[in-house]
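Colleague: Once you've had a glance at the structure underneath, I'll fire off some questions.
The values are calculated or read from the model by the stated rules, or taken from the named source; none is laboratory data. Quick caveat, the model's predicted, so the values are computed rather than measured. All Cβ positions, glycine included, derive from the backbone under ideal geometry; neighbour counts span all protein chains shown.
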Amino acid sequence: MSDTPPWSRSSLLCAKPFNAMKTQPRILIVEDEPAIAELVAVNLRHNGFQPVWAEDGESAQRELDAVLPDVILLDWMLPGQSGLALARKWRAEPRTRPIPILMLTARGDEPDKVAGLDAGADDYITKPFSTQELLARIRAVLRRRAPEQVNDIVIIGALQLDAATHRVNYQAQILKIGPTEFKLLHYLMKHPERVHSRSQLLDKVWGDHVFIEERTVDVHVKRLREALGSAGTMVETVRGAGYRLTAQPQVAVQT
Ligand code: CA
């Protein structure tokens, strides 16, 4: 076995962070013009995002109540509540406050842009905009707002996780791991030796636990242990407190 395996550390380190495979970010498009919404949605889908369309503030609120998106694209001029009013409202609510808002506006003048940013928008983009510009701005707000999703390599003992290539390996063997278990493992590996309660894990890994039961964490921890195989014992249950990832003491680790 003299060939360098494709998952060798040096090739991982050379991986370009921004074209990385990862779970598709969900983008809520709040836009009353179907032609624009569809164009944006098609482009987002082609570029690895998961678009969801709402045509006004009310249906956007229903979407937000159901599942929190990773980014909101918010049109300024909407029937009913304006984009500006919606941005203010979502910034004032703790549940929606962390979601990046990118305002879409046909208005070009400076006072309006300032008003948008004052209302809590993270950025704005003036119509008509190019797809490339929109994608670049979405990626930028995602990077700024989601430090846990930043692509990197984490190593604990013989367990290695590469967020850029979405690979986990243990003792140089690649492990097959589901998307939620991957996110859970990533978080645990970035904060090893600490006990995390189920509700903390829901907060940090799922991002929003209003509609998710704490039991869900147990289900995914069980799946994670199964996926980890002999490294499964690294995920410890701390009775009455939660879970902890710890370097496996019984396995000799050469570094
Ligand atoms: Ca509009």
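Colleague: From the list P51, P94, which residue is modelled with pLDDT of 90 or more and out of contact with any Gly (no Cβ under 6 Å at 6 or more places or on another chain)?
Modeller: Sole residue among the options that is modelled with pLDDT of 90 or more and out of contact with any Gly (no Cβ under 6 Å at 6 or more places or on another chain): P51.
Colleague: Out of (1) modelled with pLDDT of 85 or more; (2) within 16 Å of the ligand (Cβ to nearest atom), the odd one out for P100 is which?
Modeller: P100 satisfies every listed condition except (2).
Colleague: Let me ask something else about it. On the phi > 0 side of the Ramachandran plot and of a type in the set (G, A, S): is that true of A227 in this structure?
Modeller: Considered against the rule, which asks whether it is on the phi > 0 side of the Ramachandran plot and of a type in the set (G, A, S), A227 comes out as no.
Colleague: Would segment 52-59 turn up any residue that is of a type in the set (S, T, N, Q) and surrounded by 16 or more Cβ atoms within 10 Å (Cβ to Cβ)?
Modeller: No, that holds for no residue.
Colleague: Which of the numbered conditions does D3 fail, given that it passes all the others? Conditions: (1) acidic (D, E); (2) within 16 Å of the ligand (Cβ to nearest atom); (3) modelled with pLDDT under 50.
Modeller: (2)
Colleague: Of all the strands (runs of 3 or more DSSP E) wholly in segment 26-94, which have at least 3 residues that are within 14 Å of the ligand (Cβ to nearest atom)?
Modeller: So the answer is 71-75.
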